[in-house]
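These notes concern the structure reproduced below.
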Amino acid sequence: MKSLASLLLWRILILIMPVISLGQTTEDLYEIWKPTSRAYDKPPHCVDIPVDLKLCHGVGYDQMLLPNLLEHESMAEVKQQAGSWVPLVHKNCHPGTRLFLCSLFAPVCLDRPIYPCRWLCENVRDGCTPIMEAFGFPWPEMLACEKIPQDEVCISAPNATDAPKPTGYSPVCPPCDNEMKMDVILEHMCASEFAIRTKIKEVQRENSDRKVILQKKRKPVKLGVLKKKELKKLTLYLKNGADCPCTQLENLGNTYLLMGRKVDKQYLLTGIHKWDKSNKEFKKAMKNLKSHKCPTFENVFK
């Protein structure tokens, strides 16, 4: 007769079965389902997923293992690291992005940890890397797909196959695909090292990029790593943006909030919003800019 713990585990498995890929029959599952020991200051334990863990709250289950599968031992560290990924989920680069990330940051609370399927990692990586590169971030080493164990039981996304794109389909350039909402503006601001208010003089194609030449009058909103003498000579590049649509760059008469990051010797355009103080969301974003606490992206994407 199976133990009470095993019966409870079996019920949980039935609930989450749509997102678990099984390499063996259910009769064999108990043989491969054994607790693992990990070297942590505290043993793995179940905690409620907090409301302010925006990436994973409401993902489909209420409790997670801590330490998680990325070796974050405190909830404060989980929140700080996971917060850096919220903008990527909003970009919809792959339908399985949120599930993949949450299976690592906030793994479902069972007798043993379940990793995401390696193919899910590879699909999310391949779908999201071009968008991350547009913002100057590489796919991080901590999410290297080859490090994920190839277990018979793994988290998958049932509907994570991309529909075929129509011929000639070109998605909007990631830095240009911006909603005029306070949270979105602040997320882009956090992912950027500097921000300025200015007009655009000219846009040129340069290999696979677009070169954005600015008007002389430039007002800093957030200088960050940018020095005043660099601001005077600043030219921005839309990484791999030669052929994707960007309506903002077709309306050069407007004043814009331009955000960017320095990557190697280039200054990449990471966000562009029309400067519109009559818009309530834009106005709120500018008002909350100084008090808004950003996640530390440099600790995550490396």
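Data table
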item	result
When residues of the stretch 182-207 are limited to those that are surrounded by 15 or more Cβ atoms within 10 Å (Cβ to Cβ) and part of a loop (DSSP other than H, G, I, E, B), the one modelled with the lowest pLDDT	191
Meets criteria (crowded, with 17+ Cβ neighbours inside 10 Å, closer than 30 Å to residue 194 by Cα and in contact with a His (Cβ under 7 Å, 6 or more places away or on another chain)) for residue 127	yes
Filter result (at negative phi and either free of Cβ contacts under 8 Å to residues at least 12 places away in the same chain or of a type in the set (A, V, I, L, M, F, W, C) (or both)) within the stretch 56-73	56, 57, 59, 64, 65, 66, 69, 70
Number of positions in the stretch 253-293 that are assigned to a loop (DSSP other than H, G, I, E, B) and surrounded by 14 or more Cβ atoms within 10 Å (Cβ to Cβ)	5
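Results for (1) surrounded by 19 or more Cβ atoms within 10 Å (Cβ to Cβ); (2) over 15 Å from the mean Cα position of the chain (by Cα); (3) among the charged types (D, E, K, R), shown as yes or no for each residue.
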| residue | (1), (2), (3) |
| --- | --- |
| 53 | yes, no, no |
| 71 | no, yes, yes |
| 80 | no, no, no |
| 87 | yes, no, no |
| 92 | no, no, no |
| 97 | yes, no, no |
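The values are calculated or read from the model by the stated rules, or taken from the named source; none is laboratory data. Computed from a prediction, not measured in an experiment: that's the story for all the values here. Here the Cβ is made from the backbone with ideal geometry for all residues, glycine too, and neighbour counts use every protein chain on show.
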